[in-house]
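Scroll down for the structure; my scribbles are underneath it.
The values are calculated or read from the model by the stated rules, or taken from the named source; none is laboratory data. Quantities reported herein were computed from a predicted structural model and do not represent experimental measurements. We place every Cβ from the backbone using ideal geometry, glycine too, and count neighbours over all the protein chains shown. Accessible surface areas use protein heavy atoms only, side chains included; no ligands, DNA or RNA. Shrake-Rupley method; radii C 1.70, N 1.55, O 1.52, S 1.80 Å.
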Amino acid sequence: MTVRLLAHHLLCMLTYSGKGYGDAFVHNFDRLVQRIGAGEAIALLAGPDDVCAPIADDAQAHCHCASVTERDRLASSDLAPLVGAALAPGVRLTLTAPLLARLRTAFAAGSIRRACGGCPWHAMCTEVAARGYGGTLLRASGEGRVP
């Protein structure tokens, strides 16, 4: 199987700590980060992805807004050097412990956060990164638990 993600959700998963838009959203995101952490491939796409699934039927959900396209463009541009490839819909990647460490270091430094501008979760994600990602749920194979 493959987890289908929008590029900016690669950033969201870095600080994900079990909070979200409701119980169904959180339960879904919990399962997705477990699958990604276990080595399941990620496929980038345009449009609502597996993270959005619990809220995608709501026409007012932000996953249908033009701002999501811009967030994905910015995230793809910022993440490409760290991933080592251009990021666009159709690209597949697998999260490894070294890649997760590079992404989290860059996120904490603010160098890959252009897509985060205006996000209602910005302050919480900043705090999670400043605390060293304690309590986050995403782990890559070979990475220890962050307390």
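Some observations on this one:
- Our estimate of slack between Thr126 and Ala38, defined as 0.36 nm per intervening residue step minus the Cα-Cα distance, is 29.1 nm.
- Across the chain, C-alpha contacts under 8 Å between residues 6 or more apart give a mean separation that, scaled by the residue count, equals a relative contact order of 34 percent.
- Inter-site label distance for Thr69 and Arg92 at 7 Å from Cα along Cβ, in nm: 2.7
- Listed residues Gly84, Gly37, Gly20, most fluctuating in the chain (Gaussian network, C-alpha, under 10 Å): Gly84
- Summarising the label geometry, the points placed 7 Å from Cα in the beta-carbon direction at Ala80 and Lys19 lie 3.3 nm from one another.
- With every protein chain in place, segment 1-115: carbon and sulfur % of accessible area (1.4 Å): 57
- Solvent exposure of the chain as accessible area per residue, Å², 1.4 Å probe: 48
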